[in-house]
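Data first, discussion second: the structure below is written as structure tokens.
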Amino acid sequence: MRARVTVFAILLGGCGHARSRASEGIASVPRTAVPTETAVPTETAPLTPVAPPPRADTRPRVAILPEDPPRAVGVADVVSLSEEERAIFHNSVEHPPTKARGGITKALEDVSYIIGNEWTLDAFAPAIAGKGGGYVGVGPDQAYLFVGWQRPEFAWLVDYDDKVLRVHTLYAILLAHSETRAEFLAAFEPGASERIAKLIAADATDSRVRRLYRNNREMFRFRLRTLERGLRKRGVASWLTDDDTYQYVRSMVMAGRVRPMRVNLLEPDGVAGIARAAERLGLPIRVVYLSNAEEYWDSYDPQFIANIDALPIDDASVLLRTTLIWSINRDYIYNVQSLANYRRWLKVAHDVGDIVGKKPRGDRGRINVVHTTHEPAPTQ
């Protein structure tokens, strides 16, 4: 039986995909308290988009597929790929290394984000629980939470920053050598550093992976332990707090169903290749996670719109985004939108502000969750 499974950082600026510059530095770690009170999910108010007339839509659109009924998925469902599946999944095109990376501000361009700073990602858990299908998302560590909740069959972890991709290589090595959740988390403790460095040196062909661990071990520890404490306090099962969920995520990685890829969301071929692979695998993409990448862009790029249009989706497919409200609560607004609705907005919206509001407001001390369901206003 085929698996219904699978398995992406952000400091102040979140994570983004754009055409900018690159740097390798050790990012600073925010040491702020994590919000613990959950706000009642709301629906964004209807907006009249400040936008140009609808774009002529001459691209072929992928039909919305019927939704499969949900079913329980466990570790036993995670099976190794056949040769045909492996070729389809792993052979789609990646982009060459980028010379430029964007940022939410000019000062944050060219920064490598090797940990996330969205501290309450469990805000998304109810919207993606048990969805199966496929996952496509950005960032260094967020997807490992999402895979435990979504239980997809395949996951494409996309980013245009090679340093982020090395984080995935590091995690894959540690997962292979950590039979339990406790062992994985212990790999980032000071006493384990020499042993883990030897494991990485033996397993990684790229010496920069060992350097990434050595220079940033404490940062990884801070991120994972902070997430673990917050999720445990809120009673949320995840790969960091629940042994069965950890085993599921680990099995997905070891079965080759998780693929980190160098992909720029604003370029052709990368996302289109994922779309073709998903179609050949008979797989709707059920979750697309952008973090706050849309906030990096002055306007929606036509190629990005074409990339979203190419993905095979169904009625259960959702977009996950975050909107920065750092000055309010050192966190984000967590926004869920159906992908079908998002496609309709992309035909008229100039930027993400047209969809979620130009100045989204959040409540201090709460987990701010918003479901965007309203349709674009008719244009003359």
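Each value in this text was obtained by applying a stated rule to the coordinates, not by laboratory testing. All values reported here derive from a predicted model rather than from experimental measurement. Reconstructed Cβ throughout: ideal geometry from the backbone, glycine too, with neighbour counts over all protein chains shown.
Between residue 218 and residue 358, what length in nm is gained on full extension when 0.36 nm per residue of separation is reduced by their alpha carbon distance? Display every interim value, and only then the final one.
On the way: separation 140, 0.36 × 140 = 50.40 nm, distance 3.65 nm.
Contour length minus the Cα-Cα distance gives 46.8 nm.
Taking θ as phi - 60° and the Karplus parameters 6.51, -1.76 and 1.60, the scalar couplings of the range 188-202 work out to 9, 6, x, x, 9, 4, 5, 5, 5, 4, 5, 4, 5, 4, 6 Hz in sequence order, x denoting glycine and proline.
Extension gain, residue 82 to residue 233: 0.36 nm times the residue separation minus the Cα-Cα distance gives 50.3 nm. Spin-label model, residue 301/residue 75: points 7 Å from Cα along the beta carbon direction are separated by 4.1 nm. For the range 217-362, the relative contact order is 18 percent, taking Cα pairs closer than 8 Å that sit 6 or more residues apart in sequence and dividing their mean separation by the residue count.
Could you calculate the contour length gain from residue 197 to residue 179, that is, 0.36 nm times the residue separation minus the distance between their Cα atoms, to one decimal place in nm? Show your work: numbers first, answer last.
Values: separation 18, 0.36 × 18 = 6.48 nm, distance 1.78 nm.
Value of the extension gain: 4.7 nm.
Taking label points 7 Å from Cα along the Cα-to-Cβ direction, residue 208 and residue 244 give a separation of 4.0 nm.
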